[in-house]
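To start, the structure itself, in structure tokens.
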Amino acid sequence: MNSQTIQVRNPATLEKITELAVASRGEVAGAVERGRQAQTLWQQSHFSERARLLYRLRDLLLDEGDKLGDILTAETGRPRAEVYGNELFYLCSAIGTWAKKAEEYLRPTRLKPHFPLVKAKKVISSYSPRGVIGIISPWNFPLTMTLGEALPALMAGNAVIIKPSELTPLSAIFGAELAVKAGFPEHLLQVVVGYGDTGAALVDHADMIAFTGSVETGKRVMKQAAERLIPVSLELGGKDPMIVLKDADLDRAAGACVWGALMNSGQICTSIERVYVEAPVYQKFVDQVVEKVRAIRQGQSDAEVDLGSLTSEAQLKSIAAQVDEAVAHGAKALTGGKRNPTLPGFYYQPTVLVDVDHSMAIMTEETFGPVIPIMKVKDAEEALQMANDSRYGLSSSLFARDKALAEQFAERLQSGAVCINDSLVNFIIPDAPMGGRKDSGFGYRHGAEGIRKFCHQKTIVIDRFGLKEEFPWYPATKKKEHQVRHLLNLLCHSGWRHKLRALKGLMTS
Ligand code: NAD
């Protein structure tokens, strides 16, 4: 492969779509510089103007739905229905939310100091843009992970440079073109195409990096960012558990499991990747899941199908390796379990595995594929213990009719989000903070934190009384020293004798 170009291929048909030039380090530096110039004017624009352009962009995304569908299905191999049902759905919801709420999230706020000795000060906390934000993205949602992440950064007054995945750069390029058409200033939102080196060049020049991708690359990005002391947010991998308690509505649980595990062929950071079912309902749940999975239709993007192809051959191989290893160690594939031989692209059959345990990578490492490993547990406590036995902590799902109990369990699950009697939905609620723990990273997408991360937070303290001098100012005297000690005892000591003594001391000093 020529390291100076990227060949974009359709993973469902294996046809070449196009070839793009890779941005050099110098070109990345130039893009950041142009972004910096565009940002100086942009940061002066009002939220209402930024929102107006966002709404215009939303209209264009809807108007260009067909073209968007063509590009997205071609570079990912996903069914067209999925493109509208999640990528476009997400962007519509996210644009509305950021356009409406950005101003509220970033409004300067008056703080009321708690400590009596500083109460006299007027304190304001405000937010200002960081400058040029670098967004480095994976391939699983080529528009959501690029343009979607850019929305709050832009609303906060920043310029944005997107480095999309080398596997799926076309959607981000199209999104940036639409942004210009919508009226966003030239160079405010740019795309630099390339492999890891291009991403690394962006880390060397941007003012902040919002990274979404694998744990290994995330660590590398953070190390590099540390050299420049620029902030990073890291949205990394997951191994999301689903728990089914014995009182659960099994019809709903099975449906949510199949959708939550197989949507986008399981290539979602919050896909259900392992399932723990209480013993009394285990067999019934497994039977229902298998029946539903056997009914899944896999095929080309424009056919009426449920599942498309995987996005890369590397992904196909890594899924097959995990399933094969599990089967070699005693797991049983009740359906699926291999590459789909009837289709030309990177298709892996939707698979249900049983007789699995935590000695197998399929239960501990991210699979990112259409595989549902299901494990029987003796009770809810064991389910919780198994769910938390992971180096990841992104999201999880819990099914139970007793919602009060489910909420208690949700608090004990070590993950950034828990869906009770549902799956995947937390991601499409842009008002709700979404982030991970442990190896799933840190920092939040969505909610107030999802936009404040793109800002400097500033504290402004205003003197209100205009005295000629303040108590702690020079000269330091013995009298002041005694007074401050008496004051602290009077205000802070919990013993009333100390308070009385301090009061006396103050009156006589
Ligand atoms: P990846 O880490 O291989 O690549 C991600 C991006 O980083 C790509 O654009 C790549 O070119 C770039 N990159 C590679 N090396 C780099 C370097 N040294 N410096 C800077 N950039 C570099 O991940 P991937 O395979 O594209 O994506 C799949 C991963 O993304 C999965 O682990 C998945 O769980 C994760 N993901 C997480 C979330 C989330 O919100 N937590 C969402 C989607 C995907």
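How many residues are part of a helix (DSSP H, G or I) and within 15 Å of the ligand (Cβ to nearest atom) if we restrict to the stretch 359-407?
Residues flagged as part of a helix (DSSP H, G or I) and within 15 Å of the ligand (Cβ to nearest atom) within the stretch 359-407 amount to 2.
Given the condition basic (Lys, Arg), at pLDDT 95 or above and more than 20 Å from Lys378 (Cα to Cα), answer yes or no: does some residue in the stretch 252-259 qualify?
yes
If I go through the stretch 408-452 residue by residue, how many of them are farther than 21 Å from Arg252 by Cα, within 15 Å of the ligand (Cβ to nearest atom) and in contact with a His (Cβ under 8 Å, 6 or more places away or on another chain)?
The total comes to 4.
Can you list residue pairs whose Cβ atoms sit under 6 Å apart, with the first residue in the stretch 296-319 being without any contact (Cβ under 8 Å) to a residue 24 or more places away in the chain and the second being assigned to a loop (DSSP other than H, G, I, E, B)? Count only pairs 6 or more apart in sequence or on different chains.
These pairs meet every condition: Arg297/Val305; Arg297/Asp306.
If Gln300 satisfies all but one of (1) touching a Pro at 6+ places or on another chain (Cβ under 7 Å); (2) more than 10 Å from the ligand (Cβ to nearest atom), what's the number of the condition it fails?
(1)
Can you name every one of the helices (runs of 4 or more DSSP H) wholly within the stretch 408-509 that holds 3 or more residues which are of a type in the set (A, V, I, L, M, F, W, C) and either at negative phi or assigned by TED's automatic domain parsing to the domain that holds Pro129 (or both)?
Working: elements: 447-452, 478-492, 496-508.
Here the list reads 478-492, 496-508.
Based on this model, can you work out whether Met263 counts as touching a residue at least 12 places away in the same chain (Cβ under 8 Å), surrounded by fewer than 24 Cβ atoms within 10 Å (Cβ to Cβ) and in the same structural domain as Ser309 (by TED's automatic domain parsing)?
Against the criterion (touching a residue at least 12 places away in the same chain (Cβ under 8 Å), surrounded by fewer than 24 Cβ atoms within 10 Å (Cβ to Cβ) and in the same structural domain as Ser309 (by TED's automatic domain parsing)), Met263 qualifies.
Out of the residues in the stretch 134-151 meeting the condition of being touching a Gly at 6+ places or on another chain (Cβ under 7 Å) and more than 16 Å from Leu234 (Cα to Cα), tell me which one is surrounded by the fewest Cβ atoms within 10 Å (Cβ to Cβ).
Checked the stretch 134-151; the qualifying residue surrounded by the fewest Cβ atoms within 10 Å (Cβ to Cβ) is Leu143.
Residue-by-condition table, conditions (1) closer than 30 Å to Ile462 by Cα; (2) outside the structural domain of Arg52 (by TED's automatic domain parsing); (3) part of a strand (DSSP E or B); (4) in contact with a Phe, Trp or Tyr (Cβ under 9 Å, 6 or more places away or on another chain):
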| residue | (1), (2), (3), (4) |
| --- | --- |
| Asn86 | no, no, no, yes |
| Cys92 | no, no, no, no |
| Ala99 | no, no, no, yes |
| Ser128 | yes, no, yes, no |
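Mind checking whether some residue in the stretch 69-82 is in a helix (DSSP H, G or I) and surrounded by fewer than 20 Cβ atoms within 10 Å (Cβ to Cβ)?
So the first thing to find is which residues in the stretch 69-82 are in a helix (DSSP H, G or I), and the list is 69-76, 80-82.
Still in the list and also surrounded by fewer than 20 Cβ atoms within 10 Å (Cβ to Cβ): 70, 81.
Within the stretch 69-82, one or more residues are in a helix (DSSP H, G or I) and surrounded by fewer than 20 Cβ atoms within 10 Å (Cβ to Cβ).
Glu177 is checked against (1) acidic (Asp, Glu); (2) assigned to a loop (DSSP other than H, G, I, E, B); (3) more than 10 Å from the ligand (Cβ to nearest atom) and fails just one. What number does that condition carry?
If we test Glu177 against (1) acidic (Asp, Glu); (2) assigned to a loop (DSSP other than H, G, I, E, B); (3) more than 10 Å from the ligand (Cβ to nearest atom), just (2) comes out false.
So which residues in the stretch 467-492 are exposed (fewer than 14 other Cβ atoms within 10 Å of the Cβ) and either among the charged types (D, E, K, R) or within 47 Å of the chain's Cα centre (by Cα) (or both)?
Listed by number, the residues that qualify are Lys468, Glu469, Glu470, Pro472, Lys478, Lys479, Glu481, Leu488, Leu491, Cys492.
The values are calculated or read from the model by the stated rules, or taken from the named source; none is laboratory data. This structure is a prediction, so every number in the text was calculated from the model and none was measured. Counting neighbours? That spans all protein chains shown, and the Cβs are built from the backbone with ideal geometry, glycine included.
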